[in-house]
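Read through the structure below, which is laid out as structure tokens, and then see the notes.
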Amino acid sequence: MVSVTNLTKTYGSVNALNGVNVQVKESELFGVIGPDGAGKSTLFRIILSLLLPDSGEVEVWGFDPVKDYRKIRQMVGYMPGKFSLYEDLSVEENLGFFATVFGTTIKENYHLIKDIYQQIEPFKTRPAGKLSGGMKQKLALSCALIHKPKLLVLDEPTTGVDAVSRSEFWEMLQKLKKQGITILVSTPYMDEASLCDRVALIQKGKILDVAAPSEVVAGFDGKLFGVSGGNMYHLINACKSFEGVESVFPFGEELHLTFKDRDDHSEALMEFLRGKGFDKLNIRLIRPNIEDRFMSLMSSESFHE
Ligand SMILES: Nc1ncnc2c1ncn2[C@@H]1O[C@H](COP(=O)(O)OP(=O)(O)OP(=O)(O)O)[C@@H](O)[C@H]1O
């Protein structure tokens, strides 16, 4: 329903999007996962008709964001990364404003936002600027939904939001999806990728992979090790200085490490690290997660640049 083909966009010398191809299906919860500056907002803003591409094609239910921008703006609900509501208007006034702009009323589409809006309705006379982070997020989502969009575009909706509100937010997205709304959501949090039907991994304006989260992980080739014991910073540097190590990065309490041939050289590494004075070491074979796959794709991408 959203089709992006060979999309490019540059800002001066920055290649924000570099030949991006993505297809989002109807009623899909589709995640765009990548670090800051990867190009997520640029991609979304072009799909939303808010930014012109340099080249490539985009279709939203058959409409072109450049030519048919009026049509597309009626069809999409957008929650930008930064809080963009009127801080001095009350909760209810903000919602009423968005409903009016789209020629509808709160009453007409109340059923769509009910679950979400009910949680902030007790504060409906409070200025939006005085709401907590989690409540602002719920109001922004209600405003994005009030005109019953076919496509909901959420740019990093959970950045800076506490863990409980984050998981509540994803539950709300699952419910909206069941009502037939197609959702395009970006996040820098890899753990949220597993909550999507499919994800696109993006880095430096290039799509590295598009697949279901389990398939992304299954694409990880070879053996992965968890290394712990001693000062993390010194341990990373020591691991990096071992000939056969390909990648090493911190993940929670331990380091995730691969060898260049993706085989098991843990005994040799253990001996090497002991020689450097690390005496409480633990090296274990572990199962990769999405972040491991992402790191692996990123390092092979930089290698080929
Ligand atoms: N208006 C602009 N002028 C110049 N460069 C820009 C502009 N907007 C974005 N960029 C650059 O384009 C690249 C992609 O930015 P974009 O905002 O799309 O990434 P992102 O993945 O959404 O990350 P973030 O979460 O940091 O916004 C970055 O290098 C960014 O610095």
**Request:** Compute the FRET efficiency between E108 and E57 as 1/(1 + (r/R0)^6), taking r as their Cβ-Cβ distance and R0 = 35 Å, and round to the nearest 0.05.
**Result:** 0.55
**Message:** Placing one identical point scatterer on every Cα of the chain and ignoring solvent, what is log10 I(q)/I(0) from the Debye formula at q = 0.09 Å⁻¹?
**Reply:** -0.54
**Farthest positive-ward along the range 47-141 dipole, Cα basis, beta-carbon charges - from L51, Y78, L141** = L141
**Message:** How would D209, D191 line up from fewest to most surrounding beta-carbon atoms within 10 angstrom?
**Reply:** D191, D209
**Complete:** For the range 1-56, listing trypsin sites (Lys or Arg not before Pro) in a DSSP loop whose Cβ sees at most 15 other Cβ atoms within 10 Å gives K25
**Item:** Helix 266-275 axis, angle to the chain major axis (alpha carbon atoms, nearest 10°)
**Value:** 70
**Prompt:** With Cβ to Cβ distances under 10 Å as the rule, what net charge do the other residues near G39 carry (K, R +1; D, E -1)?
**Reply:** +4
**Asked** Once you charge only the Cβ atoms, +1 for Lys and Arg and -1 for Asp and Glu, what is the size of the charge dipole of the range 203-270 about its Cα centre, to the nearest 20 debye?
**Response** 320
**Asked** Amide H to amide H under 5 Å from G81: which residues, 5+ apart in sequence or cross-chain, H placed 1.01 Å off N in plane?
**Response** D155
**Message:** Under a Cβ-only charge scheme (Lys and Arg +1, Asp and Glu -1), can you give me the dipole magnitude of the chain about the Cα centre, in debye to the nearest 20?
**Reply:** 940
**Message:** Run the reach check for K107 against lysines, Cα to Cα strictly under 28 Å, same-chain hits fewer than 8 apart removed. What comes back?
**Reply:** K71, K82, K124, K130, K136, K138, K148, K150, K175, K177, K178
**Asked** In bins 10 Å wide, starting from 0, what share of all Cα pairs of the range 221-287 does each bin hold, as a percent?
**Response** 23, 64, 13, 0
**Fill in**
Dimensionless Rg/Rh of the range 73-204, both radii on Cα and Rh by Kirkwood, sits at 0.95
**Qualifying lysines (Cα of each under 20 Å from Cα of K260; at least 8 residues distant if same chain)** = K223, K240
**Message:** Using Cβ contacts closer than 10 Å as the measure, can you line up L50, L112, L95 from fewest to most?
**Reply:** L50, L112, L95
**Request:** List V76, V66 from most exposed to least, where exposure is judged by having the fewest other Cβ atoms within 10 Å.
**Result:** V66, V76
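Rule-based calculations on the coordinates, nothing more; no lab input. Bear in mind the structure is a predicted one, so any value in this text is a computation, not a measurement. Reconstructed Cβ throughout: ideal geometry from the backbone, glycine too, with neighbour counts over all protein chains shown.
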